[in-house]
Amino acid sequence: MEAIYLTFVFVLAIFLGFELISKVPSTLHTPLMSGSNAISGITLIGVLASLKADNLKFATFLGFLAVIFATINVVGGYAVTNRMLEMFKKKDEGGSK
Amino acid sequence: MNSTALFINFTYVLSAALFIFGLKMLSSPATARRGNLVSACGMLLAIVVTLFAQGIDYKWIILGMIIGSAIGYVAANRVEMTAMPEMVALFNGFGGIASMLLAWAEYHQHPEISSFIGFVVFLSAFIGGVTFSGSMVAYGKLSGKITSKAVVFKGQHIANALVLLAAIISALVFSKNPAGHYGAFLQIIFVALVFGVTSVIPIGGADMPVVISLLNSYSGLAACAAGFVVGNNILIVAGALVGASGIILTNIMCKAMNRSLANVLFSGFGSTTQAAGSGPQGEVKPASAEDVYYILEAADSVVFVPGYGLAVAQAQHVVRELGDLLEKNGTEVSYAIHPVAGRMPGHMNVLLAEANVPYDQLVEMDDINPRMDSVDVCVVIGANDVVNPAALDDESSPIYGMPIIETQRAKTVIVLKRSMNPGFAGIQNALFFYPNTRMYFGDAKASIQALVAEFKDSD
């Protein structure tokens, strides 16, 4: 039953994603990609929940590596997206001096 | 479900809502930055609340997060805007490998799983692995560490089909009885890594925007599959959003190049069209800096059409300076950007924004084409194939059917070019021989600087 429920969530989220993303103008497609890099770092949540103190050593090692990679994505992705979006200015905001 | 788990899951709903709001705010440059912050808050909330769960291994988690944050933060602040495609490629790969490692760790910890979970473990490991190795190849190509040419060999499609077949067989064996087949699982990982390399290596440099969009999508889908493995909704929702985003971008890129995804993935474009050496011939009309200055000085509206050559020459700042001088002169200035200008979707917009071009001057191809007839001067800088009118009327041209910025309909077209060599796709440009086209030869940056100097002298 859980499989059905998760699949349900998945299908709805895909449709929502299509609706949302198709409204993003092409001017912002690069920040969209780096921002979605950050969101795909969501795997971090799964890793944190599965990295239990009583895990086997090898599983802990794999989880540790996964934490590093996913955190790079989350922090790097949001930071670089912010840096890019900061540069997008309207004319009267002193865009051209 | 105990009360802590309930609390955690309710908070995930809130996080998901914040991701959705964040993406919604990305629909306008005015709200985009706040949108990114909203999305980041959603992520922070999800991370913090997950740490409330009982029995997790704080030592390794905190150490891992410190290392990851440091690397991510430094990379994000150091990266050049021209190198964004490489960075996104790397991050796609990291997302993929994280999902693969999560599936592996879960399976290693609990090998006794149902066939369904076995199947999603396979998906997570396979998609994650392909994303990782494919992204590393894409990164290598984009950064010039390996050749950006399409690497093709005889029987490549058959080799790829065999690799894929091996993956399917391992998947079947594995998900039938996951507990007894650790070997099959390792085989899946190995095959995934090989397949990532063999499927990206035959794709040429010009097609990289499609590839990184596609890998972006995979990294989301890998996170989704990982969400199924650990039964976590937030991974599924967030992964699906990223997956959808990547698919849309892939589609936009393919349309802008008038090619199907299958054609991009299997044909090795860069390697097949070099024979197109003939094409349009005729006389071109060169112009000096002074000529160009008089044309621009008299124009009421000027549209710059930048291509990646502009960024290579690091000329975006002088172009903006020229744009400012023109505006002071009472000319209406805008920048028309083709969807495949630059090396990833939207790349050229970021490069111009970095040079302080206000975003209300950036116009999309579909907005500028209908009013091209009323434009006085188009200045084409470092762009070639995306302004080639052969795409409209020459059925024998390899780029026939590709949507272009129709600069030839402007009253005057000025093309900045180093020499008469053909562009990326190796096709001579019919635009150069149009009666209303003037060629302004020289290095893009130096040429623009000469124009800026002309304007300043006349003051």
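The numbers here are math on the coordinates, done by the rules we state, and not lab data. Since the structure is predicted, the reported quantities are computational estimates derived from the model, not experimental observations. Cβ sites come from the backbone with ideal geometry, for glycine too, and all protein chains shown count toward neighbours.
Of note:
- Order of B:THR82, A:THR71 under a 10 Å beta carbon neighbour criterion, fewest first: B:THR82, A:THR71
- Amide hydrogen neighbours beyond the local backbone of B:SER301, cut-off 5 Å, H modeled: B:GLU332, B:ASP376, B:VAL377
- Filter on A:LYS90/B:LYS141; B:LYS328/B:LYS417; A:LYS91/B:LYS24 - keep pairs with C-alpha separation over 29 Å: A:LYS90/B:LYS141
- At full extension, B:ASP393 and B:ASP367 could sit 7.3 nm farther apart than now, given 0.36 nm per residue minus the alpha carbon distance.
- Under 5 Å from the amide H of B:THR437 lie the amide H atoms of B:VAL413, each residue being 5 or more positions distant or on a separate chain, with H modelled from the backbone and absent for Pro and chain starts.
- Computed from label points 7 Å out along Cα-Cβ, the spacing between B:THR31 and B:ILE67 is 4.0 nm.
- Each of B:TYR400, B:TYR440 has some number of other Cβ atoms within 10 Å of its Cβ, and from fewest to most they run B:TYR400, B:TYR440.
- Between the stretch B:278-345 and the stretch B:143-218, the alpha-carbon center distance in angstrom: 42
- Under 19 Å from B:LYS411, Cα to Cα: lysines that are on another chain or at least 8 residues apart: B:LYS285
- Per-residue extension of 0.36 nm, minus the Cα-Cα distance of A:PHE61 and A:ALA3, leaves a gain of 18.0 nm for this segment.
- Cα extents of the stretch B:289-458 along the three principal axes, largest first (Å): 47, 32, 29
- Modelled this way, with points 7 Å down the Cα-to-C-beta line, the labels at B:ALA179 and B:ASN436 are 7.6 nm from one another.
- Using the Stokes-Einstein relation with a Kirkwood hydrodynamic radius computed over Cα pairs, the translational diffusion coefficient of chain B at 25 °C and a viscosity of 0.890 mPa s comes to 100 µm²/s.
- Only Lys, Arg, Asp and Glu carry charge here, each on its Cβ (+1 for the first two, -1 for the last two); on that basis the stretch B:289-458 has a dipole of about 440 debye about its Cα centre.
- Net charge in the neighbourhood of B:ASP393 (other residues with Cβ under 14 Å of its Cβ; Lys, Arg +1, Asp, Glu -1) is -2.
- Going by neighbour counts of Cβ atoms within 10 Å, the residues B:GLU297, B:GLU454, B:GLU395 line up, fewest first, as B:GLU395, B:GLU297, B:GLU454.
- Taking the charge dipole of chain A about its Cα centre, with +1 at Lys and Arg Cβ atoms and -1 at Asp and Glu Cβ atoms, the residue from A:GLY76, A:GLY41, A:ASN55 reaching farthest to the positive side is A:GLY76.
- Shape analysis of the stretch B:79-271 yields a ratio of the Cα radius of gyration to the Kirkwood radius, Rg/Rh, of 0.99.
- Net charge of Cβ neighbours under 12 Å - reference B:ALA313; Lys, Arg +1; Asp, Glu -1: +2
- Inter-chain Cβ neighbour count for B:78-86, averaged per residue, equals 2 (cutoff 10 Å, partner chain atoms only).
- Using the rule -39500 (n - 2.57) for each DSSP H run of four or more residues, divided by the residues of chain B, the 222 nm mean residue ellipticity is -20000 deg cm²/dmol.
- Remark: the protein assembly as shown projects, on average over all directions, an area of 25.3 nm² (convex hull of Cα atoms).
- Radius, Kirkwood style, for chain A when every pair of distinct Cα atoms is counted (Å): 16.3
- Spin-label pair B:TYR400-B:LYS255: with each label point 7 Å from Cα along the Cα-Cβ axis, the two points sit 2.3 nm from one another.
- Neighbours of B:GLY55 by Cβ distance under 15 Å: Lys/Arg scored +1, Asp/Glu scored -1, total 0.
- Mean Kyte hydropathy of 1.0 or more with a Cα span along the axis of at least 20 Å, helices from DSSP in chain B: B:3-25, B:29-50, B:115-142, B:156-176, B:182-200, B:208-230, B:233-256
- Full extension of the chain segment joining B:TYR294 with B:ARG418 gains 42.5 nm, where the gain is 0.36 nm per residue of separation less the Cα-Cα distance.
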